[in-house]
Structure formats: C-alpha cells, structure tokens
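So the structure is just underneath, and the comments pick up after that.
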Amino acid sequence: MRCPFCGNVDTQVKDSRPAEDHVAIRRRRFCPACGGRFTTYERVQLRDLVVIKSNGRREDFDRDKLERSIRISMQKRPVDPERIDQMISGLVRRLESMGETDIQSKMIGEIVMEALARIDTVAYVRFASVYKNFQAADDFEDFVSELRPDVKPEGG
Ligand SMILES: [Zn+2]
C-alpha cells in the first residue's frame, strides 16, 4: 500500500483488527520513509457498481470518493468516526443490494442525504447545499471538489 504522504510503496502493517462488527479489517500502517501513519480497511465487495452521471457518463463507483465527501460534511462534528464508518458501509451495502449494477449519481446523493439527516443535521445541510449545486453541475467530480470544510450552512 502506497504511503499517502510521500508515495513510498514499501509501508508496514503495524496492527490488524476487526472493525465495524467484523464487516471490515482495519490495518494501521507505518511508512518507514517519512514516518507517516495511516489506516486502511479491507472489505468484501459484493459487486462492482457503476455510477451513471446526470450527463450520461459512466464511471466505476469509488467508495473512497463517497467517503471523502461524507467526511468533509462531517468535519468537526461531534460524531464518532466509527459511526461514520458504519454509516458509509451501510450506504454501500444498500447500493450493492439494489439489484442493479448501474446506479444513478442522483440516487447516491439522495441516500447519502437521507443517512446524514438521521445522524447530524449540520452535516446534512452542508452536504445538501452542495448537492443542490451538483444537480446543476453534471459531474460528481465537480460535486466533490465543491465540498469544502469551511462550508457553512448559514450561507456565510
Ligand atoms: Zn511516507
């Protein structure tokens, strides 16, 4: 696994343990080149999902991308990180069990908002305010890049 800080590919696993009620294996990794520490998760992937964007383009579903956008919405919110992991796993499992490999990006946005609304209102408003622009924007990349930690739900 490549170090996200310096790019070194020769990183070491320091610790492996079950996470999210044994749905995932959490590995703590260490980079001897830069001293960086990071965590990876190993999970079962039930099926390969394809996201259909509103402009009709297809791209492989990227759990990490979804997770980044959710974590940005959650920044500095008093929510247990483990709970966020569980929420994301639950969302992905829902997507995987819809019976279709092709999923509209709009559908993903909606189920994320639904889940966030139950967990944290501020995170929900952050995500929803960006999602609104996203519907006009056509592209999930734009959507993610527009999500910024300093987004304030009050609009200020
Ligand atoms: Zn490194």
Check off (1) out of contact with any Lys or Arg (no Cβ under 7 Å at 6 or more places or on another chain); (2) more than 16 Å from the ligand (Cβ to nearest atom); (3) of a type in the set (A, V, I, L, M) for A24 and give me the number that stays unchecked. (1)
With criteria (1) within 28 Å of G99 (Cα to Cα); (2) modelled with pLDDT of 90 or more, G36 comes up short on (1)
Just to confirm my filter: which helices (runs of 4 or more DSSP H) fall fully inside the range 12-119 and include at least 2 residues that are over 22 Å from Y131 (Cβ atoms)? 81-96
Whichever residue in the range 1-20 is touching a residue at least 24 places away in the same chain (Cβ under 8 Å) and within 22 Å of the chain's Cα centre (by Cα) and, among such residues, is farthest from the ligand (Cβ to nearest atom): E20
If you go through the range 4-19 one residue at a time, how many are touching a Lys or Arg at 6+ places or on another chain (Cβ under 8 Å) and closer than 20 Å to D62 by Cα? 0
Which residues, taken from the range 1-55, are among the β-branched types (V, I, T) and surrounded by fewer than 15 Cβ atoms within 10 Å (Cβ to Cβ)? V9, V13, I25, T39, V44, V50
Has the range 110-123 got any residue that is touching a Pro at 6+ places or on another chain (Cβ under 8 Å), more than 28 Å from N8 (Cβ to Cβ) and not charged (D, E, K, R)? yes
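The values are calculated or read from the model by the stated rules, or taken from the named source; none is laboratory data. The structure displayed is predicted, hence computed values, not measured ones. Here Cβ is always computed from backbone atoms with ideal geometry, including for glycine, and neighbour counts include all displayed protein chains.
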